[in-house]
Amino acid sequence: MLSLNTSDLTPVQIQSYLNTAIAPRPICFASTVDKDGNVNLSPFSYFNIFSVNPAICVFSPSRRVRDSTTKHTLENIKEVPECVINIVNHDIVQQTSLSSVEYAKGINEFTKCGLTPIPSQLVKPPRVAESYVQLECLVKDIYPLGDGAGAGNLVIAEVKIIHINESVLNEDGRIDQAKMDLVARLGGDLYCRITMDNLFKVAKPNTKLGLGVDMLPFHVRNSKILTGNCLGKLGNLESFPSDADIETYAQSPEIKDILDATIGDSQTRELQLHLKAQQLLAEERVMEAMMVLLIE
Ligand SMILES: Cc1cc2nc3c(=O)[nH]c(=O)nc-3n(C[C@H](O)[C@H](O)[C@H](O)COP(=O)(O)O)c2cc1C
């Protein structure tokens, strides 16, 4: 394993390693105004939600790595502590990228990028009409993380009004993840698009406390077949099945076939049972997988 001490690296190297490793990152498309009302619009992927009560988002307009100068967004927020965080969908990703060009202060990136400004209700910066979700925020604090090249500035923004385009809502009035068509930033020029075919579910951890991987039998924990994800699913079960249930399950035809075919060959039996458990886990039949693995 390559182990790097950040004190031996340049800001450019740190940026390259961390932007690539800490990915994908959601994109805050922030609109701000200066004290004269000039509008600015810029994307920031050093961004996330940090609290729901109060509703807080944080993003970081950093000092430029090149020359340590500050960005217009930061300067504007210092003058007018308000912003709108517009969430970026695939349809506007190219215009979002274009807005990150270093236009001179006072140049309105809505105009340069061909996006539509619409008035906000509470704050002075306008919203991006094309964005499905727009968050009107008051800036509570700005926390500089340094004063050298690449130093971040945490902008702590309290979300006051959430605007949601009805087209992304489902029948329950909740946001439908499939309709958001979100994009996120990775290292370099890479982005990813969130589509339903690249999503998968992970069952929420058992609220009644899962057994834990450490409670699984040795042969399961050290299986050549079962992966860490398999062990995670098994360890999330609340309790072991009863001996009677295991006994009954062992009599089911698909399991009995394995047992009958491997009489006197314990190694092959273990291998076959682990393969069966792996298949059951892939089908989310977790308790059945556990029973298969506990057959004596
Ligand atoms: C998708 C994307 C994400 C970005 N994320 C950040 C970021 O988190 N922090 C940052 O300082 N610059 C980031 N940038 C670069 C800024 O958007 C760029 O420096 C922009 O010109 C700043 O504009 P301003 O000076 O008008 O505020 C990003 C650029 C893109 C395209």
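I'm told Glu75 meets every condition in (1) part of a loop (DSSP other than H, G, I, E, B); (2) within 24 Å of Pro11 (Cβ to Cβ); (3) near the ligand (Cβ under 9 Å from one of its atoms) except one. Can you identify the failing condition by its number?
(1)
Among the residues of segment 2-50, which ones are within 11 Å of the ligand (Cβ to nearest atom), over 20 Å from Lys112 (Cα atoms) and in a strand (DSSP E or B)?
Matches in segment 2-50: Arg25, Pro26, Phe47, Asn48.
I'd like the residue in segment 136-193 that is in contact with a helix residue (DSSP H, G or I) (Cβ under 7 Å, 6 or more places away or on another chain) and within 20 Å of Pro54 (Cα to Cα) and, out of all such residues, is surrounded by the most Cβ atoms within 10 Å (Cβ to Cβ).
Here the answer is Val155.
Looking at Gly114, is it at pLDDT below 95 and more than 9 Å from the ligand (Cβ to nearest atom)?
Working: at pLDDT below 95: no; more than 9 Å from the ligand (Cβ to nearest atom): yes.
Here the answer is no, as Gly114 does not meet what is asked.
Residues of segment 76-112 being surrounded by 17 or more Cβ atoms within 10 Å (Cβ to Cβ) and among the charged types (D, E, K, R), which ones?
Glu82, Glu109
With the requirement that a residue be surrounded by 15 or more Cβ atoms within 10 Å (Cβ to Cβ) and of a type in the set (Lys, Arg), what does segment 232-270 give you? Please lay out each step first, then the result.
Just the residues of segment 232-270 that are surrounded by 15 or more Cβ atoms within 10 Å (Cβ to Cβ), to begin with: 232-237, 240-241, 245-246, 249-250, 255, 258, 262, 269-270.
Listed by number, the residues that qualify are Lys233, Arg269.
For segment 262-280, what are the residues that are part of a helix (DSSP H, G or I), farther than 13 Å from Met290 by Cα and polar (S, T, N, Q)?
Correct list: Ser266, Gln267, Thr268, Gln272.
Do any helices (runs of 4 or more DSSP H) entirely within segment 170-259 hold 3 or more residues that are outside the structural domain of Ala23 (by TED's automatic domain parsing) and more than 16 Å from the ligand (Cβ to nearest atom), and if so, which?
In segment 170-259, 218-221, 228-235, 243-250 are the helices (runs of 4 or more DSSP H) which contain 3 or more residues that are outside the structural domain of Ala23 (by TED's automatic domain parsing) and more than 16 Å from the ligand (Cβ to nearest atom).
The values are calculated or read from the model by the stated rules, or taken from the named source; none is laboratory data. All figures in this text were calculated on a predicted structure; none of them were measured in a lab. For neighbour counting, all protein chains shown are included, and Cβ atoms are generated from backbone atoms with ideal geometry for every residue, glycine included.
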